[in-house]
Every structure is written in C-alpha cells, then in structure tokens.
1. Within region 574-591, how many residues turn out to be among the aliphatic types (A, V, I, L, M) and either closer than 12 Å to residue 624 by Cα or loosely packed, with under 13 Cβ neighbours inside 10 Å (or both)?
2. Step by step: first the residues of region 292-323, then only those that are of a type in the set (Ser, Thr, Tyr) and part of a loop (DSSP other than H, G, I, E, B), then the one that is nearest to residue 514 (Cα to Cα). Which residue is that?
3. Restricting the search to region 337-367, which residues are of a type in the set (Lys, Arg), assigned to a helix (DSSP H, G or I) and in contact with a Ser or Thr (Cβ under 7 Å, 6 or more places away or on another chain)?
4. Considering each residue of region 290-325, count those that are farther than 24 Å from residue 484 by Cβ, of a type outside the set (A, V, I, L, M, F, W, C) and under 12 Å from the mean Cα position of the chain (by Cα), and give that number.
5. Yes or no: residue 354 crowded, with 19+ Cβ neighbours inside 10 Å, polar (S, T, N, Q), farther than 24 Å from residue 266 by Cα and at pLDDT below 95?
6. Can you find even one residue in region 368-378 that is touching a Ser or Thr at 6+ places or on another chain (Cβ under 7 Å), outside the structural domain of residue 643 (by TED's automatic domain parsing) and crowded, with 19+ Cβ neighbours inside 10 Å?
7. Among the residues of region 324-336, are any in the same structural domain as residue 392 (by TED's automatic domain parsing), in a helix (DSSP H, G or I) and at positive phi?
8. Residues 405, 467, 400: which one is more than 27 Å from residue 330 (Cα to Cα) and of a type in the set (A, V, I, L, M)?
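The values are calculated or read from the model by the stated rules, or taken from the named source; none is laboratory data. Please read all numbers here as calculations on a predicted model, not as lab measurements. Note that each Cβ is placed from the backbone with ideal geometry, even for glycine, and that neighbours are counted across all protein chains shown.
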Amino acid sequence: MKKTWYEQLNKISLPLQFLGCCLLYFAIEGISRHSAWEAYDYMTNSPLVFLYNTALIFTTTLIVYLVRRRFFARILLGIFWLFLGCVNGVILANRVTPFTGPDLHLLTDATEIAEKYLPVWGTVLAVILLVLVIGGLIWGFLKGPKYKGPLKYRYNVPLVLVGVLAFAGLTHQALDKRILSNYFGNIAFAYEDYGYPYCLMTTIFNTGIDCPPDYSEEEIQRITDSEKELPKTETKNLPNILFLQLESFFDPTLVNYLDISEDPIPTFRKLMEEYSSGYFKVPSVGAGTANTEFETITGMSLHYFGPGEYPYKSILKERTCESAPYVLKELGYSTHAIHNNEANFYGRRSIFPNLGFDTFTSEEFMKEEDQKNPLGWVKDSVLTAHILDAMESTEGPDYVYTISVQGHGAYPDEPLLEDPEITVTGAPTEEENNRWEYYVNEIHEMDEFVSELIETLSEQEEDVVLVMYGDHLPTMGLEVEDVKNRYLFQTEYVIWDNMGLEKKDENLSSYQIAAEVMNRVGIHEGTIFRYHQARRNTKDYQVNLETLQYDILYGEEYCYEGEDPFERTNMRLGIHDTTVEEITPVTGSTDSYLVKGTYFTPSTEVMVNEEWCETQYINDTTVMITGCQLKSTDEIIVSQRSNSSTRKALTTTEPKTYARLLKSTKAGTVKVTETPVPQEEKSGTGK
C-alpha cells in the first residue's frame, strides 16, 4: 500500500522539525526587530546564539512525539511562539524594554494589551487574525493528519527526556563559553544580543536571589553582630536628605570621539570640585532607571537578582522592603517621592507604598503644562518648586527622592533644535551627531536646573544634604573603548550640603550611597545600611551582602527576628488636596461651565454622574467642562486622572450636587483613590 506524503515525511521528522523551528525563530526575530534584514544580520553574525534559540524552541516541540495529532501539535506550538514574537514586536514599537517574564500577566487580559499598545485598526486586525487562527486550529484538529503507527512510550518518553537534558547541558556550555550571559546590564540590548526566546525564558524562571549554601539563623546573627561596632545615631539637628536622580545624565566630554563647543555641565563639574564626589557605579546601561532607583533607595545590589530583573516588577509587588524611607521614618522624617512623569511608570504608584513613602508627587500633580522639551518630556526645572513644597509641607526633617525625566531618549536622528546653544561634531555619522547634539543640550538645561536648585536650597535655614547623580549612560550605543574612564556602568555623583561637611572623594556603587550619606550625618540605623557602614571594606563584604539580602526578601527574616517590621504605607498622591468650590455657567453657552477649585493641573478632569466630561485646563484654580447640561441633582466629582494609557482616576473629590456648588463656595474634601497592587500583579516573580 502506497504511503501518504505525511507518512513519508515522518521518517525524517526530526531534522524537518528542527528546520521548521529555524524558520519560525527567524520570523520571531524579524517581528521583534521590526526588520527581516536585521534578523538576517543577527543570524549570520551570531550563528551559535541563533542555533541555541532554535534548539530552545525545538526542545519545547519534542512533546509532539507523545501524541498522535503531531501535525496539529506542531501548528499549535508554532502559533504560540509566533504569538509571543508578535507581542514583543508590538510592545517594542511602543516602549524601550521588551516583553519579559513579569509582563506575562498582560497575557491574561487581552484588552489591556490592545488598549495600551494597539491602535483601533490594530485591535480590529488582531481580532480578525484571532478568529482565523481559531478556525484554522479547529480544522487542523478535526481534519489534520494523524500518526498511525504505534506510540512507543517506553522509547519516546525517555528520548524526549534525553532531549531536554541535552538542551540543559547545551545551556550550561553556552554560559560557560560566554556565548550567552546570565547578567543583563541593559535588558533591551540583551534581547538583541542573546535572542528573544532565551531572554524571555530567563526572565521567567531565573528571578529573585538563590538561597546561599551557608544560610542559617546563626550565619545571619554573625553577619549582623559586626554592625554593633557602629556609634549610636545622633538624633539632634537631623538634616533634610534629598536625592536627585538625573535621567541619563553623565559627562559627555568623557566620550573620546566627540567635539563639543563648550562645557555642557559647568555647574555639576564645579560642584564636584568643591564637594564630595566621584564615579557612581550603576546596575544598567542605556535604560533601567528603576533598578538604579531600587539600589539607591534600598541599599541592595541587583547583582544577586535574576538577569534583567526589575524588583519593581517582581518581589516588591508582593511585599515591603527595608529602605531609606522606612529607616528614616523611625527617626521622625517625612518621606516624599517626586517624578515629573506619569505615576504608573515602572509601577511606582503601587510600589512606593512598599518602600515607605508618605507622599508621591507625579506629573499628574504638576501644573506646569507647557514646560516640555521637543520630545515631550517634562523639563526638570519644574522640580525645584515641588521639592520645596515637599520640604515645607512638614515641620520635621524630610527625605525627598526626586526622579527627573528630561534627559530621556530616544534621541532624534534629525535636528530638532533650531539654534542649539551647544554644537556637537565628531560622531561617525550625521545622525549620531544629531542625537548627541540634542542630548548634550538637554543635559545642559538639566545642569542649569541643578544650579537653580542649589541656589534655592542655599537660602534655606534648615540643614540640607543633596545627593545628585545620573541613573545610567544614555542610549547611544557606546562601547568601552569609546569612553575615557573605560567603563559603561558608571556615571558621576556629588553630595552638596549647607552644613560644612568635609569633602570626601571616592567611587561608590548606587547601593552604597544612602548608607554613606547617613554615615556622614551621623545616622546609623537599618540592617542593610548599618551593614554597608560597618563592612564595606571587609573581605567577605559581597558574599555576606548576598546572604543578608536573601534573608530580608526571600528567607526567614532572621535579622528581624522572623517578622517583617515594615507595613505598607497609606501613601498620599500629591502634597495638597484637590478641591472643588463652585461651578459657574459660561455666559452665552448652554452646555459649558467653569469649575472653580484649588490645585488643578492639566490632568484634572470632571465627572458628572460617573461619566467623564470634556475638560479643558485653564489654570490651577479653573477648568472648563463642555458638552453637558447640568441639572440641580447631578453629582460632580473632580479627579486627577493618570497620564498613562489606563487613564485611571488617581484622586477624587467627594461627590457634590450641582445645586450645592452653584450656591456654595465651601471647599470640598478630597478622597484619595486606593492604590492597592492589582490582583493580577500579586503573583510577580525588569526604560
């Protein structure tokens, strides 16, 4: 009896299946890189990495040899991998960081992906493709060919297991020979260098901190006992402690090939000459703001976490963590976070309460509507007023952590500045010159902001310590040989003060800076910060730091006697209450009204009977709503809405009737919307 084409192909199914995986993986990389040519370039320049990722996909398809509907199983697995590639491609078209393990919760809510990353036509196309795929799968299951030979499980199961073990050995060899890496300084670059499947699997399964082999209560006791040598904290005249994290800020004169017409950072350079300063080692390059932030706030090193992991997207969704805010709150400090970007960026609105912040002022609570750079990022100059506002909102000392955004990329290939103050040449291409020139002029403005901030703080009667540093190098494709300091994982820092602290120059890591500042002002509190102060120059410093971090976040919390002492804060969004005081009909209009109140911003919107109205920002006391005809019983709410794609309400006033607001000028009271971690994020495992 003549055999069918399918039965003939079964004889060489393994090599054909591997070839199919090669083609599938090429398509995935083409989608992820938005270019078939770039996928080809990657395949030819990194053939071993390409073959490794193909082997990863191939290994997942070995399960087809345990079922009869092998054709259908292959199609199903191929669609699954192609779907992951499409998700990554869509996400990379809208943000810098690729699709990672912590993003998997998005897959449980297709509407969230569609709303956040797809235009309307894209959503319609996705629905049509989904219907076609489902139809094709049904046909494949019902009509597709089936394997008619005997399923020899006693042979097939061991062979599948051998394939899995062989792939595990291949992974070990690839890491040992440095074909792959298990440390991602820049997760976007890692995906480009090591392939999407490997990096995705790594960010799913390799997270957190592994349990150290010598972990025990006795070992933690031994580590923390060394901290007893530190002096007691000086609780009198505690200074305000300010941290200013400057987006992508570093000294561009360190780039060997650039010719810059004038010094773009004269203020920062002068401060480094006069105050404590040095190189600042950070955990990422070109992106990863939240990880430098995490290290600086908590005193923990990212080196011991999973490759490319963002604790903001993993462990900090589940629990609180010892931090500078928590430690300083015990000494009477009020703790504030400020960021001139939207509140949900990197999930900060949900994460900051787990780090002990009392307030968080994001872009939605800033009235400076028109102060944006050519790329649309809010300029850093707006931050001075909000830093002072946070300090003046309390009588005691304040810890203020400010995250800037003006220097954010991606930087333009074409010239955006008509008459740049500083010109830049020397880059290999005109496009690179344009990117550098734009970047240099932006950080020049950031340097001017630093000058203004220092001048303002100098007028304060209270003691102030201000720590300033860049979070990482800009996304410019720099190589080690391109920079004079021959290291890409460092920027520079300076510690300004009005207390007369002695100048002390040394190079620090971002996870050491908070402990160093506390030590300089006589504060010796917090398990992790005391450890840095007591053990930074000892032999087993890094080994014991890893053990201590594991105990605090993943272990038995022996250092806290077995119980987490930190409670999630009821963090307030914004420093001031938004209020609504009165509504006045616009003369000559039947559907427009002026809403009067306090602390309005461009993110202020009005809701009538739980329906959003078209709202136009006039100034910080007035907005205008149009397209509605109010009745006396209509309930009015004024809200600060998120600037993210979710457009969720961040804060709301208590509802008031139109009749009451029309007659009364008494301010309403604010009701802050609860900001718990979303349910789908509570099972987490990192620009």
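1. Final tally of qualifying residues: 2.
2. Looking at the filtered set, the residue picked out is 323.
3. 349
4. Here the count works out to 9.
5. no
6. no
7. Taking every residue of region 324-336 in turn, none turns out to be in the same structural domain as residue 392 (by TED's automatic domain parsing), in a helix (DSSP H, G or I) and at positive phi.
8. Of 405, 467, 400, the one residue that is more than 27 Å from residue 330 (Cα to Cα) and of a type in the set (A, V, I, L, M) is 405.
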